[in-house]
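The values are calculated or read from the model by the stated rules, or taken from the named source; none is laboratory data. The structure presented is a predicted model; accordingly, all values stated were derived computationally and were not measured. A quick note on method: Cβ atoms are made from the backbone with ideal geometry, for glycine too, and the neighbour counts reach across all protein chains shown.
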Amino acid sequence: MRVPRFEPFRALRYAPALPLDDVTAPPYDVVSDAEVGALAERHERNVVAVDIPRPEDDPARYEQAGARLRAWEAEGTLVRDDVGSFTLYRTRFVTEAGVARETVGVLGALEVVDEGAGGVLPHERTTPKAKTDRLDLTRATAANLSPVWGLSLAQGLTELLREPATPMGACTDADGVEHRVERVDEPHRAAAIAAAVSSHPVLIADGHHRYAISRTYRDERRADAGPGPWDLTLAYVGELVAEQLSIDAIHRTLHGITAAELRAALARDFELGEHVAVDDAIGAELAARGALCLVEPDGRGTWLSPRPGAFDGVRALDGAWLEHTLGEVLANGVATLGYQHGVRRVVELVRSGAADAAILIRPTSIEEIRRTADEGLLMPPKSTFFAPKLRTGLVIRPM
């Protein structure tokens, strides 16, 4: 069994005097243009100035982002650790169901391995996505600005992370999630964390494209300079156990299909039941019923209960069921599929006409995620939404 290297590194962090609430940001792939502008106005040193350089039509924006990052370090906005360290990353939040949660993982440098080589494993098929932006930014900054999210199969990792370490700051995001980071640079504790993560494969939970960019960047740098810090990439690693994960569903939106066409396609494998009000509490009812929910333009939902035997031989994942049922209409170009997290946002898209309909699905279980790892399987695209999203800017890994 191949296992990956996981190492401490000299992190770049904002100087203690700077307010982390004002200078950190959500990940680049969940921030709207309006939010980028608001974050930039909130503080002139907000990390979006480097991570999401603007304007988009400026071909020099990546070089300017790299120069900005170097200038911030030179002037003391960003301070590099004196020695290599790991960073404990703790979150405290309340789920959509109203449950208070706390999680902890560790930020470190995870080995970049070739596709299919083992050690670092994908957990779902990815949708096509332009990779030039992140690659160009990595080339210009020579830094990992935001982490890949990995799940460790090593039992006991959480226990190694429970004890507090040196506080390095905290912030609270717009959703009320508290993010706290603590530095671990004691040699014995750092060695124990490295050994634990490096003892088992790591499953990529979020950031498949980011990891692919790291592989391309590694190959480019190796061609010029041989092995180096580009052989690893910034990663947040948490143990694959229920207490350390909050998994939401990524719902499906439909475009280019009439209600009658969609209902006809769904009726082959699902029984369409009574109408239901769609609100934040529907997630629990989806799980209790073992059903999905069709959302139509009037905002009402219709239960979708699988017909007996309809999905024999199909993996017990809602995303896989919908691929099976809607495969023909999607393949024929009758409709296109989109992905959206959050029940309220899904309903808004359908009511506004931005989507013709939507199907609410259930979150993927921990058991299915572990099965994916154990059996080397891949889930359908956008099968899992791991929450809360990690803040960019709390830790930067220079290369």
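A few comments on the model shown:
- Residue in segment 267-278 that is within 23 Å of the chain's Cα centre (by Cα) and more than 30 Å from Ala143 (Cα to Cα) present: no
- Per the listing Ala196, Ala192, Ala140, Ala117, the residue uniquely in contact with a helix residue (DSSP H, G or I) (Cβ under 6 Å, 6 or more places away or on another chain) and more than 24 Å from Glu243 (Cα to Cα) is Ala140.
- For segment 92-127, filtering for residues that are within 19 Å of Leu145 (Cα to Cα), touching an Asp or Glu at 6+ places or on another chain (Cβ under 9 Å) and crowded, with 22+ Cβ neighbours inside 10 Å leaves 5.
- Restricted to segment 340-353, and to residues there that are loosely packed, with under 14 Cβ neighbours inside 10 Å and in contact (Cβ under 8 Å) with a residue 12 or more places away in the chain, the residue that is nearest to the chain's Cα centre (by Cα) is Arg344.
- Any hit, segment 359-375, residues being in contact (Cβ under 8 Å) with a residue 60 or more places away in the chain and in contact with a Ser or Thr (Cβ under 6 Å, 6 or more places away or on another chain): yes
- Those residues of segment 104-129 which are at pLDDT 90 or above and either part of a strand (DSSP E or B) or basic (Lys, Arg) (or both), in sequence order: Val104, Gly105, Val106, Leu107, Gly108, Ala109, Leu110, Glu111, Val120
- Residue tally, condition surrounded by 15 or more Cβ atoms within 10 Å (Cβ to Cβ) and closer than 20 Å to Thr132 by Cβ, over segment 30-48: 3
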